[in-house]
């Protein structure tokens, strides 16, 4: 059994580590995970831009999220280039319910909406960081290990930036309390099991190992 606890333990945002089942299936289907990774980088850039458009008068927010969005697109381009070198097509993939379930928890009234949006974005970045760390450690493919290893520092910085945006606007106890609530939900979104390992994604549960 592959251990996932040590990597997750370093990420205090997360309420629970990824399952060994997810890692086994991700390693068995590297092309699927790589294609989904490209989609995730594109979506992360879009999420940052969406926040900038939602709060156009917040210059500090734009100063933080504009470079973040550019970096996410640079990651997208790097993954896309790797897909092309491997003869893979960036085809549509059925998305897991992970992102939609987290976004349902975002409150609709301001300023709670802003806080929740920052924390959800940060949790997704934190989970991406954890899972890329696992792939960088365990993937048998040297090129994929290098890719995921190279992206770890920026992923860590990204969820740190979302934390900083929260701390600049709300008292720390308020941020921590809401983070704990959303982190518990985030781990629940990954606690189920897939019907088939063909559904493995960067943010999917794992198929139960037998």
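Structure notes:
- Between the helical axis of 112-138 and the longest alpha-carbon principal axis of the chain there is an angle of about 30 degrees.
- Full-extension gain in nm, residue 81 to residue 50, via 0.36 nm per residue minus C-alpha separation: 8.6 nm
- Residues residue 142 and residue 58, FRET efficiency given R0 of 45 Å [Cβ-Cβ distance, rounded to 0.05]: 0.60
- Here, the stretch 49-151 yields an orientationally averaged convex hull projection of 7.9 nm² when only Cα atoms define the hull.
- Shown is the FRET efficiency for residue 198 and residue 153, computed with R0 = 30 Å from the Cβ-Cβ distance and rounded to the nearest 0.05: 0.45.
- When 104, 43 are sorted by how many other C-beta atoms sit within 10 angstrom of their C-beta, beginning with the fewest, the order is 104, 43.
- Space enclosed by the convex hull of the alpha-carbon atoms of the stretch 81-206, per residue, Å³: 129
- From its DSSP helices (H runs of at least four residues, each -39,500 (n - 2.57)), the chain gives a residue-normalised ellipticity at 222 nm of -23000 deg cm²/dmol.
- Principal-axis tilt of helix 172-189 within the chain, Cα atoms, nearest 10 degrees: 30
- Helix 30-54 vs. the chain, principal-axis angle (Cα, 0 to 90°, nearest 10): 10
- Between residue 188 and residue 93, the simple label model (points 7 Å from Cα in the Cβ direction) yields a spacing of 2.6 nm.
Any read-out appearing in this document is the output of simple, stated calculations on the displayed coordinates, not a laboratory observation. The model shown is predicted, which means the values in this text are computed figures rather than measured ones. FYI the Cβ positions are ideal-geometry reconstructions off the backbone, even for glycines, and counts take in every protein chain you see.
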